[in-house]
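The structure appears below as structure tokens.
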Amino acid sequence: MAVRVDRRAVLAAAGALLAGASTSCTGGSVPARGPATDLLEGRDWAHFAGAVPTRAGVRITRLDRRITRQDGSGGQPNPPVNLRGPHLVFRGDLRIEALLTRPAGTDAYLHLYGETPVVYDEWRQERRGARIGVAGGRIRFDRWDGDSDRPAVTRAFGRDFGDEVRLAVEVRGSRLVLEADGKAVGSVPGRDVFGRGRIWFGADAQGDGDGWTLGGLRAMPLGRGRMSVQDAPALEVPRSTDALRDLAADLDRPIRIGTALAAGPLLTDSDYRETAGEEFSLLTPENDFKPQFVQPRRGVFAFQEGDSLVDFAAANDMQVHAHTLVWFEALPSWMRAEMTHADRRRVMTEHIRAVAGHFRGRVAEWDVVNEPMSDEDEDYTNDNLGLRPHLWFEAMGERYIDIAFRTAREADPHAVLYLNEYGVEEDGPRWDALHALLIRLMERGVPIDGVGFQNHEYAPGDRTDPEVFRRKVRALARLGLKARVSEMDVLVGVGEEDVQARQFAGKLAVCREEPNCTSFSTWGFTDRYGSTADIRHYPPSPGDALPWDASYEAKPAYWALRDALSRSDSGRR
């Protein structure tokens with residue numbers, strides 16, 4: 001949906017911006033301005049999380065979206081990027097103008113991303129970019145250099161700015177010149193944050209208010225600069241007929257070949273997008289359906305990144321395995337707050353109804369409950385029966401699983417409903433407790449359709465013999481349940497590519513051969529964005545756990561997967 005704004009208001013704001021020539025903070029002459037391009041009118045801002053196009057401009061809602069650590073601590077800011085809207089491609093100098101209208105108590109920020117952030121599995125890599133805004137009556141500026149998730153430069157200029165502020169940023173060589181209401185307020189080193197000649201836009205609201213309005217946004221070249229505006233790429237990917245998905249579709253019993261995908265690289269990295277659409281017939285949203293991403297504030301939802309993944313799937317004849325409705329991780333801070341057991345149940349069911357209801361009919365499958373089994377030995381010998389004593393279990397006991405599946409079935413009646421777990425591919429108490437749980441669920445009539453085996457292999461001790469895994473798949477078949485490989489990755493050391501290839505191919509062969517196994521999915525496909533990246537330093541070092549390397553070169557694991565799908569003599573054992 002394109003924005004339709006009040007043209008008179010925008011033109012008035014633009015005229016005010018151009019009314020007075022600014023004074024150069026660097027002491028040089030003011031460069032001539034080229035023709036301005038409107039970045040709101042006729043552009044896509046409806047797919048920008050937290051934004052609502054209106055006649056007055058784009059209303060920016062306060063999301064307070066943050067990424068927590070696995071234990072729920074921390075809270076790395078995760079403001080949205082308009083991935084499907086306009087971005088600038090330029091050479092030389094450039095000027096960007098914006099009109100910000102904010103109620104008292106609201107801090108308003110415009111983000112300018114020289115490189116879009118990368119959200120790994122629950123962690124955000126902040127790359128090069130800047131933001132400018134109005135906070136506490138002052139002009140605030142931050143610059144990120146790509147070597148930390150914290151800004152390298154933070155500045156504040158002026159004071160007592162009102163509810164409506166006209167801001168401008170000029171990229172002049174190695175400097176960034178800032179203006180407010182037609183007057184230069186400061187200049188900061190640019191540190192080549194826009195050295196790649198691209199700028200993507202984002203916006204954020206902070207403070208006590210609920211949001212603000214971006215009433216105007218336009219850009220123009222300066223001096224001898226050149227500039228063009230590009231919109232999001234087409235979602236449909238041209239395809240051959242010789243990819244993994246094609247080999248799997250040609251089997252006597254076709255299965256789906258899938259991977260976890262992230263909206264950021266999907267819309268900004270053509271190699272990622274083309275490989276994803278070419279090779280896979282099933283996608284799992286890596287992060288964009290998780291609670292802290294999709295409902296950062298109670299009753300405030302950010303579906304836009306998830307919608308983009310679903311749209312990509314529809315454009316490329318892919319199914320969506322949605323992940324995940326109920327989990328003890330990736331929760332916004334408000335979900336972790338103290339509340340009564342009744343309120344906790346209400347929060348869980350309301351979230352399921354809202355999220356599953358929003359995507360109803362557009363996704364094929366759901367991970368309804370993710371990782372219910374405990375990591376603590378004591379939980380396998382006490383009354384927990386192997387279940388993890390997290391906040392949902394503490395409020396509802398084991399029946400939280402029943403409630404979650406029944407609520408999901410009501411919200412999306414035709415979707416296939418899965419429980420998803422790690423470490424249950426091998427023999428031991430974890431598998432035994434899960435199997436017993438499944439029997440109890442089925443005896444109670446819980447509408448569960450299948451189990452996802454994550455198959456994360458991070459160390460040699462995680463390697464599971466395919467025949468051991470086969471026994472688990474067949475045990476589910478005897479219960480009338482489906483099985484799938486849901487999140488496989490195999491982290492290996494130097495010279496162990498053959499180990500990685502054998503593990504991937506062995507699990508895929510089991511899925512191909514067992515009638516109740518419906519799909520085989522990896523947790524990402526390229527090490528460039530793999531969740532096993534080493535995040536102890538900045539920027540993170542890629543892991544080595546996926547079938548393509550960080551340069552999109554296929555590894556032996558990819559060719560082993562092809563071979564596992566092509567063999568005509570595998571047979572069912």
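The values are calculated or read from the model by the stated rules, or taken from the named source; none is laboratory data. All of these numbers come straight from a predicted model, not from anything done at the bench. Quick reminder, even Gly has a Cβ in these numbers, built from the backbone with ideal geometry, and neighbours come from all protein chains shown.
Taking the criterion of being touching a strand residue (DSSP E or B) at 6+ places or on another chain (Cβ under 7 Å), under 18 Å from Glu426 (Cβ atoms) and of a type outside the set (Gly, Ala, Ser), the residues of the range 352-378 that qualify are Glu371, Pro372, Met373.
Taking the range 76-129 and the strands (runs of 3 or more DSSP E) fully enclosed by it, the elements with 2 or more residues that are more than 30 Å from Gly223 (Cβ to Cβ) and over 22 Å from the mean Cα position of the chain (by Cα) are at 106-113. Out of all the residues in the range 231-238, is one or more surrounded by fewer than 18 Cβ atoms within 10 Å (Cβ to Cβ), touching a residue at least 60 places away in the same chain (Cβ under 8 Å) and of a type outside the set (A, V, I, L, M)? Looking for residues that are surrounded by fewer than 18 Cβ atoms within 10 Å (Cβ to Cβ), touching a residue at least 60 places away in the same chain (Cβ under 8 Å) and of a type outside the set (A, V, I, L, M), one finds at least one in the range 231-238, hence yes.
Would you be able to say whether some residue in the range 486-495 is within 30 Å of Val347 (Cβ to Cβ), under 26 Å from the mean Cα position of the chain (by Cα) and among the small types (Gly, Ala, Ser)?
For the range 486-495, residues within 30 Å of Val347 (Cβ to Cβ), under 26 Å from the mean Cα position of the chain (by Cα) and among the small types (Gly, Ala, Ser): present.
Screening the candidates Gly258, Gly182 for the property of being in contact with a strand residue (DSSP E or B) (Cβ under 7 Å, 6 or more places away or on another chain) and surrounded by fewer than 16 Cβ atoms within 10 Å (Cβ to Cβ) yields one hit, Gly182.
Number of residues in the range 274-324 that are outside any loop (DSSP other than H, G, I, E, B) and under 26 Å from Ser73 (Cα atoms): the value is 14. Just one residue in the set Leu283, Leu267, Leu261 is in the same structural domain as Glu365 (by TED's automatic domain parsing) and more than 28 Å from Phe194 (Cα to Cα); that residue is Leu283. Here is a check on your reading of the model: is Gly524 at pLDDT below 95 and either more than 30 Å from Gly445 (Cβ to Cβ) or charged (D, E, K, R) (or both)? In short, no.
Residue-by-condition table, conditions (1) crowded, with 18+ Cβ neighbours inside 10 Å; (2) in contact with a helix residue (DSSP H, G or I) (Cβ under 8 Å, 6 or more places away or on another chain); (3) modelled with pLDDT of 95 or more; (4) not acidic (Asp, Glu):
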| site | (1), (2), (3), (4) |
| --- | --- |
| Val468 | no, no, yes, yes |
| Lys472 | yes, yes, yes, yes |
| Leu476 | yes, yes, yes, yes |
| Met488 | yes, yes, yes, yes |
| Gly493 | no, no, no, yes |
| Lys507 | yes, yes, yes, yes |
| Cys511 | yes, yes, yes, yes |
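So which residues in the range 37-63 are crowded, with 19+ Cβ neighbours inside 10 Å and either at positive phi or assigned by TED's automatic domain parsing to the domain that holds Asn370 (or both), if there are any at all? Gly50, Gly57 - these are the residues of the range 37-63 that are crowded, with 19+ Cβ neighbours inside 10 Å and either at positive phi or assigned by TED's automatic domain parsing to the domain that holds Asn370 (or both).
Here is a list: Ala14, Ala46, Ala36. Which entry is over 19 Å from Leu94 (Cβ atoms) and either among the aliphatic types (A, V, I, L, M) or modelled with pLDDT of 95 or more (or both)? Walk me through how you get there before you give the answer.
Working: Ala14 fails: over 19 Å from Leu94 (Cβ atoms); Ala36 fails: over 19 Å from Leu94 (Cβ atoms).
That would be Ala46, the only listed residue that is over 19 Å from Leu94 (Cβ atoms) and either among the aliphatic types (A, V, I, L, M) or modelled with pLDDT of 95 or more (or both).
For residues in the range 274-290 being small (Gly, Ala, Ser) and in contact (Cβ under 8 Å) with a residue 40 or more places away in the chain, which is farthest from Pro332 (Cα to Cα)? Among those that are small (Gly, Ala, Ser) and in contact (Cβ under 8 Å) with a residue 40 or more places away in the chain, it is Gly277.
This table checks each residue for (1) under 27 Å from the mean Cα position of the chain (by Cα); (2) under 26 Å from Gly524 (Cα atoms); (3) assigned to a loop (DSSP other than H, G, I, E, B).
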position: Ala184; (1), (2), (3): no, no, no
position: Val193; (1), (2), (3): yes, no, yes
position: Thr213; (1), (2), (3): yes, no, no
position: Ala232; (1), (2), (3): yes, yes, yes
position: Leu247; (1), (2), (3): no, yes, no
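Among the residues of the range 291-319, those that are touching a residue at least 40 places away in the same chain (Cβ under 8 Å) and among the hydrophobic types (A, V, I, L, M, F, W, C) comprise Phe293, Val294, Val300, Phe301, Ala302, Phe303, Leu309, Val310, Phe312, Ala314, Ala315, Met318.
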